[in-house]
Structure formats: C-alpha cells, structure tokens
Amino acid sequence: TFTEKIMAWGRGNLLVPDARKFWISPATRAILNYLKTNEIDAMISSGPPHSMHLIAKNVNRKTQIPWLADFRDPWVNMDNADKFRMSAWAKRKHERLEREVLTLATSVDTVSWHLSKQYEAIRGKSVHVLTNGFDHVDFLYRPSQENEEIILGHYGTFGDDRNPIALWIALSELVQENESWKNRMKIRLVGPTDGAVLASIKEHNLETYLEYTPYVKHNEVLDLMMQNQILLVILNQNANEEGRVTGKIFEYVATGNQVLGVGSPTSDCAKVIETTHSGEMVSFTNKERIKSALLTMQEKGREQPLNNTVMGFSRQNLTHELVGILDEMIIK
C-alpha cells in the first residue's frame, strides 16, 4: 500500500543504519560509565541490528578495548534492501558506516564463506567464519522415529521468494508415476507459510498430501524432524543466495536424515550439505534432477547422525572457535 511504501522509504532513508539508531548515543554513554568502575577484556557487537556495531565502534574509539564485530547477516547488501527505496545518499552512508566497522574492529567474523570473502575485500584483512549451528545435546537421546510414510518436511518461515515450482511439479509427477509415493507421501510444512506457496501446492494437485502447522514449539519441531525421510531447505532467490546459510540446515544435518536443498549448487548452504554428506542441493529450476534426488534419498534412508564432520557445526565446537578468536585479540 501507499502507506507501507512511505514507511519503507522512511526506514531506508531516515533510519540509518536501522530503527535502533536511537540506542547508539545513550548506550555508548551507559557503557563508558560502566567502564569507570568495571574492567573488561574484550567486547562483541552482533548485528543486525547494525547499530550495535556503531555503539561498539564508539566505545572502542574511547577505550581501545579489543572489539569483535559479528555479522549474522549482510549490511549494505541486506536481502530486503530494494524494498527500502534507498536514495544514493542513504546508500553511501550505509557503505561508509559498514566500511568503518569492518576496518576499525579488532577482529571480524560472519556466518558464511561468501560473506567472509566480500568483507575481506573491504577490510583488507582476514574475516573469520563462525557459522550458525546446533545444540548436540538436543539429539543425543532423541531416537529416529520409523514411519511408513514418505515425509518431506520444511521447518521455518516459507516466503513467496522461495516458492519452488519445480519441486511441486516433480512431486506431482512422482505421485502419478509411482504407486509408493502416491500412497505414502506427505508434505509437512511447519512455520509461517506464504499464501503463494500454499496456492502452488494446490495448483499442482498436492493439497491432499499437505500437513500444514503454522506454529510448533522448538522441542516438538525436533521430534517432527526426526520422523522425516527427507528434509527440505529452500534458498531465497536473490543476490545473497550464495552466502545464505539458514539456521535450520544445521539441525537438519544433526538428525541424520536426508536433506534436499533447492537453490544454487555452489552456495554455502550446498557446502554444508556436501561437507556433511547429508544430501544434495539442486538448482531451483532443475525438475528432473529434483525427481532423481528424491527417489535416491527415499532409497538411501538415514545416515549416521552426529559424526565428526557434523559435530564441527555443533555450538559447543563453534564456541570453542570463538574463544580462540577472543584469546587472539586479547593477546595482541
């Protein structure tokens, strides 16, 4: 609507870097006041919101306390940047602030290999990769649940920019051509799902196979994941697709179940699937390859969960890596 467009323009041009900008000055003062009577060895800022980095930048400039800037998502090249209708002036300001953080921070880390390379080009120094991960204790005593059905599960928000038409066509053909898939298949979507996705499922005559639940508690989600023969991860179709590594992919690989990714085969998400031998990432439009992968995964079944490669993405291991980065900063 017109009102939404005005609000988006205001967010992109008046609230730079984001709507938390009004925290920057008071938070800086509060931290500097805290430091008058307390000592700290290092600080971490994590964004978005990227205003947090600007608070840390201010404190670092005054105190020289070692500072790690953690980027969980891109800044200038954020997924929804085009929706904010940023002026050339606003974009230049975003770029300047991002460059200042990247060059002034003692150390920088981010969640994907592609984004790390982008930021290394700006920073002129190495940028650590600390991916998202999973809590291994969630899976130690959670046995797999055998099921007669062929369950394809997607967990989390499912937006219209990830609507995999080729997947729906492939499934529509499978239930027509394969008696086992016709009688046993279930499409389980858990989490907010865009109407366009649900409409596509209906359009391809898959509505009778659909089990849709808008919200489930996390602990219950993990139980549901364990029931799935095939777990689905669909990448956003935008400029950040190569570096987009969704948080759920790490819990997916921890289950030991097969993972079908739909998106760029050269993406960082594909790298996680390939490294852990958990499944396959197939191009968004390659319907025949999607069909072939689905049949192979159905026959292959569950892999050994929590092997050494998978455990590399456990939060326990990732925290160990984070401690190493902090130690290195403090020693310098």
Note to self: Given (1) in contact (Cβ under 8 Å) with a residue 12 or more places away in the chain; (2) of a type outside the set (Val, Ile, Thr); (3) open to solvent by 50 Å² or more (accessible area, probe 1.4 Å), identify the lone condition not met by ARG92.
What the structure shows: (1)
Note to self: Given the condition over 30 Å from LEU322 (Cα atoms), basic (Lys, Arg) and modelled with pLDDT under 95, answer yes or no: does some residue in region 140-149 qualify?
What the structure shows: no
Item checked: Given (1) out of contact with any Phe, Trp or Tyr (no Cβ under 8 Å at 6 or more places or on another chain); (2) surrounded by fewer than 16 Cβ atoms within 10 Å (Cβ to Cβ); (3) of a type outside the set (Ser, Thr, Tyr), number of the condition ALA42 does not satisfy -> (1)
Margin query: If a residue counts only when it is over 28 Å from ARG244 (Cα atoms), which helices (runs of 4 or more DSSP H) contained entirely in region 1-120 have at least 3 such residues?
Written below: 2-13, 24-34, 51-63
Checklist line | Within region 97-130, considering residues that are more than 20 Å from MET52 (Cβ to Cβ) and touching a residue at least 24 places away in the same chain (Cβ under 8 Å), the one surrounded by the fewest Cβ atoms within 10 Å (Cβ to Cβ) | finding: TRP113
Next item on the list: Starting from residues that are assigned to a loop (DSSP other than H, G, I, E, B) and touching a strand residue (DSSP E or B) at 6+ places or on another chain (Cβ under 8 Å), keep the ones in region 227-242 and report whichever is most open to solvent (accessible area, probe 1.4 Å).
Entry: GLN229
Checklist line | Selected residue (criterion: farthest from LEU167 (Cα to Cα)) from residues of region 188-226 that are of a type in the set (S, T, N, Q) and open to solvent by 80 Å² or more (accessible area, probe 1.4 Å) | finding: ASN219
Next item on the list: Spot the failing condition for VAL245; the list is (1) open to solvent by 20 Å² or more (accessible area, probe 1.4 Å); (2) part of a loop (DSSP other than H, G, I, E, B), and only one is missed.
Entry: (1)
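Yes/no per residue for (1) more than 17 Å from the chain's Cα centre (by Cα); (2) at pLDDT below 95; (3) not hydrophobic (A, V, I, L, M, F, W, C):
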site	(1), (2), (3)
LYS271	no, no, yes
ILE290	yes, no, no
LEU294	yes, no, no
GLU303	yes, yes, yes
LEU306	yes, yes, no
PHE313	no, no, no
THR319	yes, no, yes
ILE325	yes, no, no
Note to self: Of everything in region 288-306, what is assigned to a helix (DSSP H, G or I), surrounded by 15 or more Cβ atoms within 10 Å (Cβ to Cβ) and not aliphatic (A, V, I, L, M)? Give them in sequence order.
What the structure shows: ARG289, LYS291, GLN298
Item checked: Residues (among the polar types (S, T, N, Q) and in a loop (DSSP other than H, G, I, E, B)) located in region 248-287 -> ASN257, SER264, THR266, SER267, THR276, SER278, SER283, THR285, ASN286
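The values are calculated or read from the model by the stated rules, or taken from the named source; none is laboratory data. Please read these numbers as outputs of a predicted model, since none were measured by experiment. Note that we place each Cβ from the backbone using ideal geometry, even for glycine, and neighbour counts take in every protein chain shown. The protein model used for the area step is the full one, side chains on, heavy atoms only, and it has no ligands, DNA or RNA in it. Shrake-Rupley method; radii C 1.70, N 1.55, O 1.52, S 1.80 Å.
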